[in-house]
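Engineer: Here it is, the structure in full.
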Amino acid sequence: TYKIYRGDLPGSNPDYDEWPVQDGAPVDANGAPFQLGDQTLFSVYHDADPNAHNNGAGNTVPLGVEVQQTTFASDQVGAGSDIVFIQWKIVNKSDDDWHDAYVACWTDPDLGGAADDFVGCDPEQSLGYCYNATNNDNQYGSTPPALGIDLVQGPIVPSPGDVAWVSGVEVPDYRNLPMTAFLKYINGTDPNT
């Protein structure tokens, strides 16, 4: 994971100097690392190693998926604080076309004591959330936090007459999908096939 900070310049941070442009790391109009927020992180990962496909969830052969992940946040008080933005660019590195692909964001929020956490969703807002069942948490006491995960910009699908957005660029005759499903797994009931 490469980490850069607002105000970094050449020579001030090895990650700035070695920003992995060749792996898809975002750059500005001058080719310099694109700084989003006060701290920007970039990682790239894939499923290409068949030896890593050995857990109980599938034992599948690699699909040729590459994920370029940019994570950023701002250090501010008030509106916009305590928000982390994550952008995933999913790239098909195989020679096969993908049809009817599905993508999910999985989290395990554990708000303090996990035994009394509830989850839910608001499909109209493309928002999943987690909250404490009571105002009595073993870590946070009488003021437990809540967590929301908002799908700001979903994947695109053909839609004549509409306009979708991908990485700040308009894509005519497509639309961004909202959240289309929400699931929960209770501790100990995770899928195993």
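The values are calculated or read from the model by the stated rules, or taken from the named source; none is laboratory data. Since the structure is predicted, the reported quantities are computational estimates derived from the model, not experimental observations. Positions of Cβ are generated from backbone atoms using ideal geometry, with glycine treated the same way; all protein chains shown enter the neighbour counts. Ligands, DNA and RNA are stripped out before the accessible areas are found, and what is left, the full protein with its side chains, is counted by its heavy atoms. Shrake-Rupley method; radii C 1.70, N 1.55, O 1.52, S 1.80 Å.
Engineer: In debye, nearest 20: dipole of region 10-88 around its Cα centre with unit charges on the Cβ of K, R (+) and D, E (-)?
Structural biologist: That gives region 10-88 a dipole magnitude of about 200 debye.
Engineer: Report the paramagnetic label zone for Ser159: residues of region 94-124 whose backbone N is under 20 Å from a point 7 Å from Cα along the Cα-to-Cβ axis.
Structural biologist: 99-105, 122-124
Engineer: What value, in deg cm²/dmol to 500, does the helix sum -39500 (n - 2.57) over DSSP H runs of n ≥ 4 give at 222 nm once divided by the residues of the chain?
Structural biologist: Theoretical 222 nm ellipticity from helices: -500 deg cm²/dmol.
Engineer: Apply the Kirkwood formula to the chain: the hydrodynamic radius equals the inverse of the mean of 1/r over all pairs of different alpha-carbon atoms; give it in Å with one decimal.
Structural biologist: 19.8
Engineer: Right, here's the next one. Given charges of +1 on the Cβ of Lys and Arg and -1 on the Cβ of Asp and Glu, with all other atoms neutral, how large is the dipole of the chain about its Cα centre, in debye to the nearest 20?
Structural biologist: With only Lys, Arg, Asp and Glu charged at Cβ, the dipole is about 140 debye.
Engineer: Does a label point 7 Å from the Cα of Ile83, set along Cα-to-beta-carbon, have any residues of region 9-53 with amide nitrogen under 12 Å, and which are they?
Structural biologist: 37, by backbone N distance to the label point.
Engineer: For Val166, enumerate residues with amide H under 5 Å from its amide H, sequence gap 5+ or separate chain, H modeled in the peptide plane.
Structural biologist: Val171
Engineer: Given charges of +1 on the Cβ of Lys and Arg and -1 on the Cβ of Asp and Glu, with all other atoms neutral, how large is the dipole of region 97-151 about its Cα centre, in debye to the nearest 20?
Structural biologist: Result for region 97-151 is approximately 220 debye, rounded to the nearest 20.
Engineer: For the chain, with a Gaussian network of springs between Cα atoms less than 10 Å apart, report the residue from Asn92, Asn132, Asn59 with the top mean-square fluctuation.
Structural biologist: Comparing Asn92, Asn132, Asn59 in the GNM, the peak value goes to Asn59.
Engineer: I'd like to know which of Asn138, Ala73, Asn54 lies farthest towards the positive end of the charge dipole of the chain, counting +1 on Cβ of Lys and Arg and -1 on Cβ of Asp and Glu.
Structural biologist: Asn138
Engineer: For Ile83, Ile186, Ile4, write out the residues from largest to smallest accessible area, computed with a 1.4 angstrom probe and no ligands counted.
Structural biologist: Putting Ile83, Ile186, Ile4 in descending order of accessible area: Ile186, Ile83, Ile4.
Engineer: Toward the positive end of the charge dipole of region 62-160, about the Cα centre and with charges on Cβ (Lys, Arg +1; Asp, Glu -1), which of Tyr102, Gly64, Val91 goes farthest?
Structural biologist: Val91
Engineer: Send over a whole-number figure in Å² for the accessible area per residue of region 28-153, probe 1.4 Å.
Structural biologist: Ligands and nucleic acids excluded, the result is 71 Å² per residue.
Engineer: With springs only between Cα atoms under 10 Å, which of Tyr140, Tyr174, Tyr131 fluctuates most in a Gaussian network model of the chain?
Structural biologist: So, out of Tyr140, Tyr174, Tyr131, the one fluctuating most is Tyr140.
Engineer: Return the carbon/sulfur percentage of the accessible area of region 90-193, one whole number, probe 1.4 Å, all protein chains in place.
Structural biologist: Carbon-and-sulfur percentage of accessible area, whole number: 51.
Engineer: Can you work out the Karplus-derived ³J(HN,Hα) for every residue in region 30-46? Use 6.51 cos²θ - 1.76 cosθ + 1.60 with θ = phi - 60°, whole Hz, and x for glycine or proline.
Structural biologist: 9, x, 7, x, 7, 9, 10, x, 8, 9, 10, 10, 9, 9, 9, 8, 8
Engineer: Compare the Cα positions of Tyr45, Gly24, Gly113 along the charge dipole of the chain (+1 at Cβ of Lys, Arg; -1 at Cβ of Asp, Glu; about the Cα centre) and return the one farthest towards the positive end.
Structural biologist: The residue sitting most towards the positive pole is Gly113.
Engineer: Could you check which residue among Asn51, Asn176, Asn13 shows the biggest mean-square fluctuation in a GNM of the chain with a 10 Å Cα cutoff?
Structural biologist: Checking each option, the largest mean-square fluctuation is seen for Asn51.
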